[in-house]
Amino acid sequence: MYRWSKANLALACLLGLAAPRRLDAQVGVSLALPFDKAARFEALDAAVSLHNRSGRMLALDGEGAEGRFWLDVAGEDGRRVPRRDGAPLLPPASLMPGETRTFTVPVTRRFDLSRLGRYVLRAGVDEGGASFASPPVRLELAAGFELRRLAAGIPGAAGASREYVLFYLQKGGGENLYLRIEDRDQAVYGAFDLGRLVRVRPPDLRVDESGNVHVLFQTLGMRFVHAATTPNGVPLFSRVYRGVRGQASLSPLPNGQLAVLDAEEVGAAAPASESAPAPVPPPAPPAPRRGGLRGFFRRGAAGPAP
């Protein structure tokens, strides 16, 4: 006979995995994440769909509304992840009988997902003395593998500086390049998915005269992506280039800006979440390699993927 561990029992109680209080699901609830593995500090939104099967109007979270939407996030040990603030998860809404509506919940803005590890999420609606919940959805937050790090000041802001960290993460059957931005107090402005990385040439990481950070890296199809971001993590652009003789580089301009001059621009890069294929189980990491960063990128050799 299978015996529940204390952690599994706590998780089951927290997420309501026991039998529901009512079998006639008058409110259908589904929860979906764009991926099942993400980088720590990466922005993450969940899509929640609600289907009103009650045969009457369903009012949620507004003044005098009987229905209440909830979202539970818990670690593997069953401990509930605390909220960052008391802001509503959803705006007040009314669903007509038979109506289905989908909402976006900013998970990382509302919950403190700052620790590495695996999490379980479940959404639901409490209404009329009953609770209707979605199936659990699992998420892994990983650190990735650091490639480069650069410290730079901010023009016009005395004493202010940023630490820019490039790292990659196995995601969606490939490897995506990320930029993490920190300050001297170790406050993190975010981890930003720049897109699919092909590890043939090391990525270039530079800061221009305005303090904006630029990244140039090789992606699929023998092309290159040039992405620029402000010191506070606001994306400026992401452009795709076809290199001359298969190469491209960041070049300084007379005004202190950076540009890709030895390549042909072929368009804007698609959002990383749209260009990545559906998640698949990552391959087992190979044995560690020697040779430093130069050997790490030679011939696109695979490296460890935390």
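Throughout, read-outs are computed from the coordinates displayed, never taken from laboratory work. This one's a predicted model, so the numbers in the text were calculated from it and none came from an experiment. Note that we place each Cβ from the backbone using ideal geometry, even for glycine, and neighbour counts take in every protein chain shown.
With the cut-off at 1.5 for a/c, could you classify segment 207-273 from its C-alpha gyration tensor as rounded, prolate or oblate?
oblate
Ranked by Cβ crowding within 10 angstrom, fewest neighbours first, how are Leu216, Leu205 ordered?
The order, fewest Cβ neighbours first, is Leu205, Leu216.
Kindly identify segment 6-141 as rounded, prolate or oblate by the Cα gyration tensor criterion: order the square roots of the eigenvalues as a ≥ b ≥ c, call it rounded if a/c is under 1.5, otherwise compare a/b with b/c, prolate if a/b is larger, else oblate.
Cα axes put segment 6-141 in the prolate bin.
How far is the Cα center of segment 88-129 from the Cα center of segment 167-187, in Å?
26
Per-residue counts of other Cβ atoms within 10 Å, averaged by peptide: what ranking do you get for 242-251, 117-126, 149-158, highest first?
Numbers: 242-251: 14.5, 117-126: 19.9, 149-158: 12.6.
By packing density, highest mean first, the sequence is 117-126, 242-251, 149-158.
Among Met222, Gln170, Asn232, whose Cα lies farthest out toward the positive end of the dipole of segment 155-238, if unit charges sit on the beta carbon of Lys, Arg (+1) and Asp, Glu (-1)?
Of the listed residues, the answer is Met222.
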